[in-house]
Amino acid sequence: MNAVKKMLLLGFLAFGVLQVNAQGLTDAEESTGYSTLGRHSISFHYGIPSVQKMVANTVNNIVDFQFRETGPFHVKYQYRAGRVFEWGLMLNYQESSFNWTDSLESNRVDAQIGADVSSFNAIARMNLHFLKSGMHNFYLGMGLGFSYWKVNPIGGIVIDDEVNLAIPNFLSLKGVLPAGEFVLGYRGFLNKQVGISAELGLTKSIFQAGLTYRFN
């Protein structure tokens, strides 16, 4: 069984558990206003595929290089301001590395050129909820904020095994850029506090999923 089939199977099993729990808890949840004013939640997500990886795969069709990444990791805080509106803050972080290696034997030149890239986003969010439910949250999420980027070039060029031309430090880049996101999201709770959650849309990754914990 491949990884996709395993993920689908786990998804169906989790949804079944959610349905069983929802039958016994929805009335109690709604009677105490669990989906309305004053509830807080924190979500921890991992995203795939990242926008950087998508760009790398596109460029890799032209120039063959190695790409590695860590993340993106997403952390979200949400405050339920009512049945429809939810306010929050999203933080995410990602590291990646590009490395291109080539050897031109006729010119006796070896090149190892690449860059380490890290980025951090902080975005203020608003979620619009579609359902009046304490156990299942379908929502439209949108937000604006900033992104801090840092690019450190690595490697160099060796000529005739003697002349070593390192990548100059002044090519290092860093700065702050505007950032935003627009997603469709779902949270389903296994009990009153813990649930699974996922989002699909325009952010640092196309899809992200993980766990959510909610509290008063």
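Observations on the model:
- With a Förster radius of 30 Å applied to the C-beta separation of Q66 and M126, the computed FRET efficiency comes to 0.15.
- Given K53/K192; K53/K132; K132/K204, the pairs whose alpha carbons are separated by over 31 Å: K53/K192; K53/K132
- Theoretical FRET efficiency, 1/(1+(r/R0)^6), r = Cβ-Cβ of M54 and F138, R0 30 Å, to 0.05: 0.70
- Total formal charge among the other residues, if their Cβ is under 15 angstrom from that of F120, Lys/Arg +1 and Asp/Glu -1: 0
- Spin-label model, L202/V176: points 7 Å from Cα along the beta carbon direction are separated by 2.3 nm.
- Nitroxide proxy distance, nm - points 7 Å out along Cα→Cβ at Q193 and V151: 4.5 nm
Here, each number is a calculation from the coordinates, and none is a lab measurement. Just so we're clear, the structure is a prediction, and the values are computed from it rather than from any experiment. A quick note on method: Cβ atoms are made from the backbone with ideal geometry, for glycine too, and the neighbour counts reach across all protein chains shown.
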